[in-house]
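Undergrad: Submitted below is the structure of interest, expressed as structure tokens.
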Number of protein chains: 2
Amino acid sequence: MAKGTDDTIAVRISKALADRIISGAIEPGARLRQDHVAEEFNTSHVPVREAFRRLEAQGLAVSEPRRGVRVAAFDLGEVKEVAEMRAALEVLALRHAAPHLTSAILDRAEEATKAGDKSHDVRSWEEANRAFHRLILTPCGMPRLLATIDDLHAASARFLFAAWRSEWETRTDQDHRAILTALRQGNAESAAATLGRHVQWIGRKPVRTASGATREAFAIVG
Amino acid sequence: MAKGTDDTIAVRISKALADRIISGAIEPGARLRQDHVAEEFNTSHVPVREAFRRLEAQGLAVSEPRRGVRVAAFDLGEVKEVAEMRAALEVLALRHAAPHLTSAILDRAEEATKAGDKSHDVRSWEEANRAFHRLILTPCGMPRLLATIDDLHAASARFLFAAWRSEWETRTDQDHRAILTALRQGNAESAAATLGRHVQWIGRKPVRTASGATREAFAIVG
DNA sequence: AACACAGAAATTATCTATAATTTTAGATCG
DNA sequence: CGATCTAAAATTATAGATAATTTCTGTGTT
């Protein structure tokens with residue numbers, strides 16, 4: 001991950017915090033105190049406040065005037081919401097990207113799929129998965145659409161890590177392969193349809209809570 | 001428009017600037033200088049910088065590190081992009097909203113349509129149009145989706161005002177009526193299909209530029 | 001006239017200080 | 001014992017000052 005040494009401090013802080021929120025290092029609902037963050041990053045709180053605004057825009061944090069900002073909470077409803085938005089927007093992006101996809105790009109997407117299938121932990125699986133989606137969608141050349149999709153992927157990753165914090169079993173991604181096959185055959189509509197279904201598939205898994213009880217965890221696995 | 005007197009200064013400034021950008025009072029590409037804005041609003045530049053971050057998130061401004069922020073430029077490509085995103089997302093929202101639509105809501109949406117048909121200027125037409133869309137979509141109960149759609153509507157309004165700054169001829173919105181009829185009959189799919197087409201209709205109109213030449217202006221009219 | 005350059009002016013980004021508000025904790029009262 | 005009030009502590013929001021960078025402008029050079 002590029003450290004972006006020429007970025008402004010506010011950007012660096014927002015990236016670092018986004019990483020923690022996504023990985024689950026900071027709990028949903030936890031308060032983010034500007035002075036504490038400022039001290040940790042050896043800055044004043046001014047850039048910290050700007051970083052907070054960025055996180056807010058990404059939907060990773062929520063702020064109430066005069067009452068500070070906290071890590072955004074989420075529930076099954078929001079997981080579903082993000083899944084549906086991704087389905088709608090990624091399908092749109094793929095339709096526009098399809099005419100510009102070269103076999104070189106599709107080969108790289110296949111590499112990403114293989115890397116995902118080989119992953120033994122959530123983190124590397126997520127990275128490979130995101131690479132796959134980004135590869136086949138970027139050629140749509142619609143920057144606003146891609147930026148929105150990126151934010152949704154960040155949310156997806158958060159849900160994923162929350163549910164599958166540690167355990168992960170390797171699995172072969174048939175959907176990705178079906179999408180690639182359709183694209184290679186020039187059948188964009190079929191690829192788009194599969195993609196739309198793919199990102200709406202919500203995995204469920206029982207997890208043990210801190211109190212010892214088991215509840216069900218949900219996440220987008222695509 | 002609620003002035004939000006309990007808002008933080010940054011929010012007030014971002015709303016005021018958003019208004020100007022959308023209405024075209026500030027030109028695309030124009031620089032926003034933090035000290036000037038701060039002076040105008042009688043504040044320091046700290047809240048101004050936060051306001052800039054908000055505008056950036058909405059896609060109304062773009063910023064380059066150390067080089068300031070400018071009003072986002074746009075072209076036909078972006079108009080199309082926003083139209084397609086709106087189509088995809090509003091269709092999604094309507095599908096979820098449909099089961100929760102009451103005849104009271106639909107009546108209010110019809111009022112909004114009538115108000116739009118009677119409008120003699122772009123500004124009031126846009127307001128009525130936005131009210132219509134908001135009324136039939138809000139019951140979907142998906143906050144993230146609605147927030148994204150709101151930002152897209154802001155962009156749409158900007159395109160619209162840029163093209164139809166002064167002249168506006170009243171027109172009867174058949175699409176809105178067809179959508180309402182379908183919804184009243186419980187035919188959500190048909191309503192969604194019409195809505196999807198509706199927001200992708202891009203109006204074209206010749207406008208005279210400052211130099212006297214005529215170019216074509218484009219905007220989403222739905 | 002076009003170009004490059006140096007210095008000045010303007011502007012952004014950050015820091016330190018202060019004011020306003022909220023949260024916390026302890027004490028008091030029913 | 002719980003609820004409510006109050007004062008202290010913590011925290012957010014804004015202001016004012018400073019450092020760093022960019023942009024502008026005029027001048028000299030080819």
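The values are calculated or read from the model by the stated rules, or taken from the named source; none is laboratory data. Bear in mind that the values here come from a model prediction, so they are computed numbers and not experimental data. Please note: Cβ atoms are built from the backbone with ideal geometry, for glycine as well, and neighbour counts cover all protein chains shown.
Undergrad: Applying the selection to the stretch B:19-48, what residues are part of a helix (DSSP H, G or I) and farther than 27 Å from residue B:79 by Cα?
TA: Of the residues in the stretch B:19-48, the ones part of a helix (DSSP H, G or I) are B:19-23, B:34-40, B:45-48.
Scanning the stretch B:19-48 gives B:34, B:35, B:36, B:37, B:38, B:39, B:40, B:45, B:46, B:47, B:48.
Undergrad: Name the residue, out of A:106, A:146, A:101, A:135, that is closer than 27 Å to residue B:85 by Cα, at pLDDT 95 or above and surrounded by 22 or more Cβ atoms within 10 Å (Cβ to Cβ). Explain how you work it out, then say what you get.
TA: Details: A:106 fails: surrounded by 22 or more Cβ atoms within 10 Å (Cβ to Cβ); A:146 fails: surrounded by 22 or more Cβ atoms within 10 Å (Cβ to Cβ); A:135 fails: surrounded by 22 or more Cβ atoms within 10 Å (Cβ to Cβ).
It is A:101.
Undergrad: Checking residue A:99 against (1) of a type outside the set (Phe, Trp, Tyr); (2) away from chain B (no Cβ under 11 Å); (3) not in a helix (DSSP H, G or I), which test does it fail?
TA: Of (1) of a type outside the set (Phe, Trp, Tyr); (2) away from chain B (no Cβ under 11 Å); (3) not in a helix (DSSP H, G or I), only one is false for residue A:99: (3).
Undergrad: Give the number of residues within the stretch A:166-181 that are surrounded by 15 or more Cβ atoms within 10 Å (Cβ to Cβ) and outside any helix (DSSP H, G or I).
TA: Result for the stretch A:166-181: 2.
Rundown of residues vs (1) more than 30 Å from residue A:189 (Cα to Cα); (2) free of Cβ contacts under 8 Å to residues at least 12 places away in the same chain, yes/no style:
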| position | (1), (2) |
| --- | --- |
| A:55 | yes, no |
| A:61 | yes, no |
| A:67 | yes, yes |
| A:71 | yes, no |
| A:75 | yes, yes |
| A:84 | no, no |
| A:87 | no, no |
| A:109 | no, no |
| A:121 | yes, no |
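Undergrad: From B:86, B:31, grab the single residue that is more than 10 Å from every other protein chain (Cβ to nearest Cβ), within 14 Å of DNA strand C (Cβ to nearest atom) and over 17 Å from residue B:8 (Cα atoms). Can you show your working first?
TA: Values: B:86 fails: within 14 Å of DNA strand C (Cβ to nearest atom).
The match here is B:31.
Undergrad: Of the residues A:70, A:33, A:86, which single one is surrounded by 21 or more Cβ atoms within 10 Å (Cβ to Cβ) and either away from DNA strand D (no atom under 12 Å from the Cβ) or of a type in the set (D, E, K, R) (or both)? First the steps, then the outcome.
TA: Values: A:70 fails: surrounded by 21 or more Cβ atoms within 10 Å (Cβ to Cβ); A:33 fails: surrounded by 21 or more Cβ atoms within 10 Å (Cβ to Cβ).
Selected residue: A:86, the only one of A:70, A:33, A:86 that is surrounded by 21 or more Cβ atoms within 10 Å (Cβ to Cβ) and either away from DNA strand D (no atom under 12 Å from the Cβ) or of a type in the set (D, E, K, R) (or both).
Undergrad: Under 20 Å from residue B:57 (Cβ atoms), of a type outside the set (Val, Ile, Thr), within 11 Å of chain B (Cβ to nearest Cβ) and within 16 Å of DNA strand C (Cβ to nearest atom): which single residue out of A:70, A:54 fits that description? Steps first, please.
TA: Numbers: A:70 fails: within 11 Å of chain B (Cβ to nearest Cβ).
Matching residue, one of A:70, A:54: A:54.
Undergrad: Given the criterion at pLDDT below 95, out of contact with any Asp or Glu (no Cβ under 9 Å at 6 or more places or on another chain) and more than 23 Å from residue A:144 (Cβ to Cβ), identify the matching residue among A:3, A:80. So that I can check it myself, show each step before the final result.
TA: Details: A:80 fails: at pLDDT below 95.
Testing whether each residue is at pLDDT below 95, out of contact with any Asp or Glu (no Cβ under 9 Å at 6 or more places or on another chain) and more than 23 Å from residue A:144 (Cβ to Cβ) leaves just A:3.
Undergrad: Tell me whether the stretch A:182-204 contains one or more residues that are over 21 Å from residue A:103 (Cβ atoms) and among the charged types (D, E, K, R).
TA: Just the residues of the stretch A:182-204 that are over 21 Å from residue A:103 (Cβ atoms), to begin with: A:193, A:196-204.
Narrowing further to those that are among the charged types (D, E, K, R): A:197, A:204.
So far as the stretch A:182-204 goes, yes, one or more of its residues are over 21 Å from residue A:103 (Cβ atoms) and among the charged types (D, E, K, R).
Undergrad: Shifting gears a bit: Of all residues in the stretch B:182-201, which are hydrophobic (A, V, I, L, M, F, W, C) and in a helix (DSSP H, G or I)? Walk me through it before giving the result.
TA: Let us first name the residues in the stretch B:182-201 that are hydrophobic (A, V, I, L, M, F, W, C), namely B:182-183, B:188, B:191-193, B:195, B:199, B:201.
Listed by number, the residues that qualify are B:182, B:183, B:188, B:191, B:192, B:193, B:195.
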